[in-house]
Amino acid sequence: GAGVSQSPSNKVTEKGKDVELRCDPISGHTALYWYRQSLGQGLEFLIYFQGNSAPDKSGLPSDRFSAERTGGSVSTLTIQRTQQEDSAVYLCASSQSGQQATNEKLFFGSGTQLSVL
Amino acid sequence: GDSVTQMEGPVTLSEEAFLTINCTYTATGYPSLFWYVQYPGEGLQLLLKATKADDKGSNKGFEATYRKETTSFHLEKGSVQVSDSAVYFCALSPGGTSYGKLTFGQGTILTVHP
């Protein structure tokens, strides 16, 4: 596609429910990243995919958070048993290779605003 | 670990004023440095970057110079416009295979009045 697409744009859920957030990266981009933007913590890295593998999951805040990527394309971030502190904007980004290079650049989606009531 | 500290905002300026947003960092190795901008209702966009000491990144009249001796990457613009109103984030990358694993500053809200 023309850009990184995320869905839904807004999600309201009740505490304790599971949610799935979707990211469609730019076609051909092998690297995919999830970030979280919250008032208290700012912008935080969550997880990095290279193809379908996740070599860096160091930013996932708890075992309630998981993510997968299939076909080297679409990624889903799942939050189980949501808590109020999970309320944030979840951003997805993709880049051509994930390696440092002159033209390597992250393209961000518009994010999913998650509200846990 | 790596960290980025930005000057606290918000910053309010009149059109054509000079802008400086301070950014300092702590990192091991040889990080790359970035400024990202988030316009109202839009996603994060790369504004400029510098990959080694003394490099100057520039775009849309904005500039920032990678100063290793002061561990800084301050953003400047000589004459701001109303359309520059946005949130600005300083960020660093450890580089290599972790190039996209960015550490961000807390963001600075800039409002420019006519």
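Going by what's in this entry, would B:TYR66 be described as more than 10 Å from every other protein chain (Cβ to nearest Cβ) and in contact (Cβ under 8 Å) with a residue 12 or more places away in the chain?
Values: more than 10 Å from every other protein chain (Cβ to nearest Cβ): yes; in contact (Cβ under 8 Å) with a residue 12 or more places away in the chain: yes.
Considered against the rule, which asks whether it is more than 10 Å from every other protein chain (Cβ to nearest Cβ) and in contact (Cβ under 8 Å) with a residue 12 or more places away in the chain, B:TYR66 comes out as yes.
Can you find, within the range B:46-67, the residue that is farthest from A:PHE108 (Cα to Cα) among those that are more than 11 Å from the chain's Cα centre (by Cα) and outside any loop (DSSP other than H, G, I, E, B)?
B:ARG67
In the set B:THR12, B:THR97, B:THR70, which member is over 20 Å from A:GLY42 (Cα atoms), in a loop (DSSP other than H, G, I, E, B) and either modelled with pLDDT of 95 or more or not acidic (Asp, Glu) (or both)?
On inspection, the qualifying residue turns out to be B:THR70.
Quick one: how many residues across the range B:99-114 are more than 7 Å from chain A (Cβ to nearest Cβ) and either surrounded by fewer than 17 Cβ atoms within 10 Å (Cβ to Cβ) or among the aliphatic types (A, V, I, L, M) (or both)? Break it down into steps so the answer makes sense when it comes.
Our first condition is that a residue be more than 7 Å from chain A (Cβ to nearest Cβ); within the range B:99-114, this holds for B:103, B:105, B:108-114.
Retained after the next criterion (residues that are either surrounded by fewer than 17 Cβ atoms within 10 Å (Cβ to Cβ) or among the aliphatic types (A, V, I, L, M) (or both)): B:109-114.
Going through the range B:99-114 one residue at a time, the tally reaches 6.
Between A:ARG36, A:ARG81, which is at positive phi and of a type outside the set (A, V, I, L, M, F, W, C)? Steps first, answer last, please.
On the way: A:ARG36 fails: at positive phi.
Answer to the check: A:ARG81.
Listed residues A:THR102, A:THR112, A:THR76; which is within 12 Å of chain B (Cβ to nearest Cβ) and either within 21 Å of B:VAL4 (Cα to Cα) or under 11 Å from the mean Cα position of the chain (by Cα) (or both)?
Exactly one of A:THR102, A:THR112, A:THR76 is within 12 Å of chain B (Cβ to nearest Cβ) and either within 21 Å of B:VAL4 (Cα to Cα) or under 11 Å from the mean Cα position of the chain (by Cα) (or both), namely A:THR112.
Can you tell me which residue among A:ILE26, A:ILE47 is hydrophobic (A, V, I, L, M, F, W, C), touching a residue at least 12 places away in the same chain (Cβ under 8 Å), within 14 Å of chain B (Cβ to nearest Cβ) and in a loop (DSSP other than H, G, I, E, B)?
A:ILE26
From the list B:TYR39, B:TYR25, which one is within 14 Å of chain A (Cβ to nearest Cβ) and closer than 24 Å to A:ALA93 by Cα?
Answer to the check: B:TYR39.
Is the range B:42-50 home to any residue that is within 14 Å of another protein chain (Cβ to nearest Cβ) and among the acidic types (Asp, Glu)? Please lay out each step first, then the result.
First pass over the range B:42-50, keeping only residues within 14 Å of another protein chain (Cβ to nearest Cβ): B:42-50.
Cutting the leftovers down to among the acidic types (Asp, Glu) gives us B:42.
Scanning the range B:42-50, I find at least one residue that is within 14 Å of another protein chain (Cβ to nearest Cβ) and among the acidic types (Asp, Glu), so the answer is yes.
Looking at (1) modelled with pLDDT of 95 or more; (2) assigned to a loop (DSSP other than H, G, I, E, B); (3) surrounded by 14 or more Cβ atoms within 10 Å (Cβ to Cβ); (4) in contact with a helix residue (DSSP H, G or I) (Cβ under 8 Å, 6 or more places away or on another chain), can you tell me which one A:GLY98 breaks?
Just one mismatch for A:GLY98, condition (1).
Go through the range B:73-94 and count every residue that is within 14 Å of chain A (Cβ to nearest Cβ) and assigned to a loop (DSSP other than H, G, I, E, B).
Total meeting the criteria: 1.
The values are calculated or read from the model by the stated rules, or taken from the named source; none is laboratory data. Computed from a predicted structure; not experimentally measured. As a convention, Cβ positions derive from the backbone with ideal geometry for all residues, glycine included, and neighbour counts pool all protein chains shown.
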